[in-house]
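First up is the structure itself, then whatever we jot down about it.
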Amino acid sequence: MQSGRFSARTALAVVIANMIGTGVFTSLGFQLLEIRSGFVILALWFVGGVTALCGAMTYAELGGALPRSGGEYNFLSRTFHPAVGFVSGWMSATIGFAAPTALAAITFGTYLASVFPALSPRLLATGLIVALAAAHATTRRASGGTQRTFTYLKVILIAVFCVLGWTLVERAPQDIRFLPGPGDGTLLVSGAFAVALIYVHYAYTGWNAATYVIDELDRPGETLSRVLLFGTGIVMALYLLLNFTFLHAAPMEALAGKLEVGYVAARFIFGDAGASIMGVVLALLLISTVSAMTLAGPRVLQVIGQDFRALRFLARTNRHDVPVVAIVLQSGLAVAFVLTATFESILVFAGFTLGVSTLCTVASVFVLRLRRPDLPRPYRVPWYPLPPLVFLAVTGWTLAYIVLQRPGEALAGAAIFVTGAAFYAVSRRLSSRSAPDGAAT
């Protein structure tokens, strides 16, 4: 590995940790309010996983053809127009990472407070964000080591939790089926399934995390596609196992509407004393999620600062080339979300804005193939154009239902797009812009 760069292991840890966090430990409670079929619940997580894999294939091609940190900001700036990339980067800065960081931290605080009621979930969440911001604002070696340690711990603990859930619960507390049954076909094409997919897509958010740190990856052309696809596949398997375990261990009535579904399931597996221990363990799992977002997200702000002279302060680094200002700014926004907003509103709002951004980015692969067929592509999407079309269809269907059933969150997301466009226009007037190589004008 070249000195000072993130290894493939660290990049894989960032992808896995970005994905496994708030969503899988909270979504089931919301899904069970309208869906009571084990088969349909697992189908939700399977469809979400396949969609994420299709997106990961597409991003792997884009990352190989347009190798630069920044994720959607880089891809959209160089495929469509710098204004489109800037709006996407604006969303990443204000919502894409700060909001999910806040959600993961709130869930961390909620799980700990369920064991220690005297503690404040919001204060615990704030303390976690601040502590990890300090850890990642040092060196890449320390940052990468922190990330790998917490991610390995997370995967091991999830596997142990699932195995114990299967072995200690001799008989499921309800008559639940995991094979198709009467009425399941109707549920699969219903509005309830589409709305539930909002939570699932949010849980899979992060499969693209390695594209935010391409400039800092060791041999990105060789490792990016493997990291994205392998990481997404691991998480898909763990999500299916976790949700099967939750439904196998606890009654649906006890899980429905609950935020801390992992703690509820643990109480039925281990009893009250064992559940308290597992509540602490599940809280610890979320540390790597907050850590991964604190590592990856500020790199978007850093790249924007490199391209826009008026925002150059965002690109400032310490003597180890770590973007300290961007880390502090993103973490500050996350703390603001923790202290001012409700959990579900942040989740749907973030899910909508992130969905629009990734939808546009996956669509850009068609534009890039038409405009720049000559670009070297170390990785090409297999079975093209099927994977990007699948991603666009499923994500578009979900976004349409958000607009219809949660118009408030959709309008708030639209407001973010408008303010991003306005800020782009102001930034262009305030300074001479240095566009990314190959950006559209």
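Since every read-out is calculated from the coordinates, none of them should be taken as a lab result. Bear in mind the structure is a predicted one, so any value in this text is a computation, not a measurement. Positions of Cβ are generated from backbone atoms using ideal geometry, with glycine treated the same way; all protein chains shown enter the neighbour counts.
A few remarks follow.
- Between helix 298-307 and the chain: long-axis angle, C-alpha atoms, 0 to 90°, nearest 10: 20
- Distance from the stretch 215-245 to the stretch 56-76 (C-alpha centre basis), Å: 16
- Remark: the stretch 255-345 is approximated by an ellipsoid whose semi-axes, taken from the C-alpha gyration tensor as √(5λ), come to 38, 15, 9 Å, largest first.
- Karplus-derived 3J(HN,Hα) values for the stretch 280-293, using 6.51 cos²θ - 1.76 cosθ + 1.60 with θ = phi - 60°, are 5, 4, 5, 5, 4, 4, 7, 4, 5, 5, 4, 4, 5, 5 Hz; glycine and proline are entered as x.
- Between 0 and 90°, nearest 10: helix 8-19 axis offset from the chain longest Cα axis: 60
- Residue-by-residue Karplus 3J(HN,Hα) for the stretch 162-169, coefficients 6.51, -1.76, 1.60, Hz, glycine and proline x: 5, 4, 5, x, 6, 8, 7, 9
- Over the chain, DSSP H runs of length four or greater, each weighted -39,500 (n - 2.57), average out per residue to a 222 nm ellipticity of -24500 deg cm²/dmol.
- Given charges at beta-carbon only (K, R positive; D, E negative), |dipole| of the chain in Debye: 1240
- Cβ crowding within 10 Å averaged over residues, with 69-77, 29-37 ranked highest first: 69-77, 29-37
- Computed extension length for T138-V50: 28.0 nm, one decimal, from 0.36 nm per residue of separation with the Cα-Cα distance subtracted.
- Cleavage-rule hits (GluC sites (Glu not before Pro)) in the stretch 148-232: DSSP loop, at most 12 neighbouring Cβ within 10 angstrom: E170
- For the stretch 12-90, alpha-carbon Rg and Dmax in angstrom: 16.6, 46
- Inter-label distance for A159 and Y384, nm, one decimal - labels placed 7 Å from Cα along Cα-to-Cβ: 3.6
- The stretch between V426 and L123, if pulled fully straight at 0.36 nm per residue, gains 105.4 nm over its current Cα-Cα span.
- Label-point gap, in nm, between S7 and Y152 - each point 7 angstrom along Cα→Cβ: 0.9
- Residues R319 and F178, FRET efficiency given R0 of 51 Å [Cβ-Cβ distance, rounded to 0.05]: 0.40
- Debye log10 I(q)/I(0) at q = 0.07, 0.13 Å⁻¹ for the stretch 8-427, Cα point scatterers: -0.30, -1.10
- Theoretical FRET efficiency, 1/(1+(r/R0)^6), r = Cβ-Cβ of L168 and L411, R0 45 Å, to 0.05: 0.45
- On Cα atoms only, tilt of 121-136 relative to the major axis of the chain in degrees: 40
- Multiplying the residue separation of D272 and D374 by 0.36 nm and subtracting their alpha-carbon distance yields 30.5 nm.
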